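Let me begin by presenting the structure, written as structure tokens, before commenting on it.
The values are calculated or read from the model by the stated rules, or taken from the named source; none is laboratory data. Quick caveat: nothing in here was measured; it's all calculated off a predicted structure. Note: ideal-geometry Cβ built from the backbone for every residue, glycine included; neighbour counts use all protein chains shown. Side chains are part of the model used for accessible areas, which takes the heavy atoms of the whole protein and leaves out ligands, DNA and RNA. Shrake-Rupley method; radii C 1.70, N 1.55, O 1.52, S 1.80 Å.
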Amino acid sequence: MDRLWWNQVPNALRFVNSIIDELQDEKNVVLALPQYVPWYLSFRERIESLKSQLLSNYVIKNIIDDESKEPGEITLNSFCKKELRDDFRPAIGYGKFLADTNNTLNSHIAWIKVTSLERANKWSEFISDYSKQKKFYGGGMFVVEVLESERLNSPKGITVVSFGEYISEFDYYIFNILGSSVLSMSKDLKEYFAEVLTAVVGNDVELAAQCFSSGIHKGFLENPAETIKTVIEQESRSDGEYFVFSKEQSQIEMDVWKAQIKNLFPKIEAYREEFAQTYSSEIAKNLPISASYGEEYELPEEVELGTLYYLAKNKMIIISSTDYSKLKCLKNARNKLAHLNSLTIDEVNDLLAYM
């Protein structure tokens, strides 16, 4: 599933490519990431693969941040041999010294993971100072990884690349559609499954991927809350961390209802229009019709499902027994959804069987 996300979801690809694009343009990157990056190690492998193709003269080196030290001091200690470090004088400044000396930073991309906004901004200040110095020996580049924040600084020479600016709910839906494509279900049920999974699980792609497992997807369709609870108890993230899911049952039920409105309601409405067109002449014989809330239908295509069912039930329009059963099913489903109640999976299956 990690390859599915990082290799096939278009905006996930764009996000990775944008990091390499900035580095190719000799710009340093502050990488703003969410708390849980889907398959982080696969993400880094993808970066490494593109770097090897497009920036083969550079090596990515992971640098451990130490908040008790200045970023310049950490960089100096990481890329300069002792005899070169001994030549450093505070009056010169870390940025200029590193820019003007032949050190191993010149052939590296330093990747630093920091734990706070303040620390990210501190690194940005140092990197900007280093980048603007005249470099006799070329120059290294930096990627500073931090949790997403609107208050990240981007001084000259720094570009903020944010996961959230590339990835949205639509991308999670695309992933869920792609993942559900291998399941043994009808096309309509796969689309429904992906819609509900996106609504309930949201941006936790690794948790969503667990729900594609054999047998798990059926349990999810029947009882999302219980299935997610089971997954959390038995599985963990790719980095070994535990899954965290805090939604209450009431919120999950509301999410399922919203997904059904989004996925099923248009199908019901499309059928109503198709039915009205098929039996247009029969319906026209009963027009105009006054609805219970005062509205008057003057055209066949205006008549709602409840009224169509009433006409069919009372033999005021003559339709086939199959269409009558279908009309009844869709009318009941629409009424339930309209009253803020979600359909059971059996009711969804009955509905989709008529589509």
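So the values come out like this:
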read-out: Residue ID - most open to solvent (accessible area, probe 1.4 Å), chosen from residues in region 240-255 that are touching a helix residue (DSSP H, G or I) at 6+ places or on another chain (Cβ under 6 Å) and in a loop (DSSP other than H, G, I, E, B); value: Phe245
read-out: Residues satisfying the stated conditions in region 177-215, i.e. closer than 21 Å to Glu233 by Cβ and open to solvent by 50 Å² or more (accessible area, probe 1.4 Å); value: Ser214
read-out: Filter result for Ile47 (surrounded by 17 or more Cβ atoms within 10 Å (Cβ to Cβ), within 29 Å of Glu148 (Cβ to Cβ), out of contact with any strand residue (DSSP E or B) (no Cβ under 8 Å at 6 or more places or on another chain) and at pLDDT 95 or above); value: no
read-out: Any hit, region 146-153, residues being open to solvent by less than 20 Å² (accessible area, probe 1.4 Å) and part of a helix (DSSP H, G or I); value: no
read-out: Cβ-Cβ under 6 Å pairs, at least 6 apart or on other chains, region 273-284 side touching a residue at least 12 places away in the same chain (Cβ under 8 Å), far side surrounded by 14 or more Cβ atoms within 10 Å (Cβ to Cβ) and assigned to a helix (DSSP H, G or I); value: Ala276/Pro300; Ser280/Pro300; Ile283/Pro300; Ala284/Pro300
read-out: Number of the exception - Ser168 against (1) within 18 Å of Asp346 (Cα to Cα); (2) within 18 Å of the chain's Cα centre (by Cα); (3) small (Gly, Ala, Ser); value: (1)
read-out: Qualifying residue in region 256-268 (condition: without any contact (Cβ under 8 Å) to a residue 12 or more places away in the chain, part of a helix (DSSP H, G or I) and surrounded by fewer than 15 Cβ atoms within 10 Å (Cβ to Cβ)); value: yes
read-out: Selection within region 139-163 - within 23 Å of Leu76 (Cα to Cα) and of a type in the set (Val, Ile, Thr); value: Val143, Val144, Val146, Ile158, Thr159
read-out: Candidates Leu221, Leu207, Leu197, filtered to the one that is over 19 Å from the mean Cα position of the chain (by Cα) and either assigned to a helix (DSSP H, G or I) or polar (S, T, N, Q) (or both); value: Leu221
read-out: So Glu226, is it touching a residue at least 60 places away in the same chain (Cβ under 8 Å) and open to solvent by 30 Å² or more (accessible area, probe 1.4 Å); value: no
